[in-house]
1. Relative to 2.2 N^0.38 Å, what does the C-alpha radius of gyration of the chain come to as a ratio? Two decimals please.
2. For the range 3-82, calculate the relative contact order in percent as a whole number, restricting contacts to Cα pairs under 8 Å that are 6 or more residues apart.
């Protein structure tokens, strides 16, 4: 999987989270981001990996996202590993 594909899956996951009245407040509380800051935060390294980490951390959420999006759970995990800060192999340059 290429980084562009991983980013597309993460954006789908963010849309999924944003459209759910129970998931969005939980995501915002866990990340410390306010709803109006999501667009700005999306440009930060690691944000998209964090979105996928949020989905992966709760199996019912992962399965619901996979069913709604058609993205298999193993592809969500693979996408997470392809994004900056999705694993220990990324080096963030200042």
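What follows is calculated from the coordinates using simple rules that are stated; it is not laboratory data. Only a predicted model underlies this, so the values are computations on that prediction, with no experimental measurement involved.
1. Working: Rg = 12.5 Å, N = 94, 2.2 N^0.38 = 12.4 Å.
Cα Rg divided by the expected 2.2 N^0.38 Å: 1.01.
2. Details: 55 pairs, mean separation 35.4, N = 80.
Value for the range 3-82: 44 percent.
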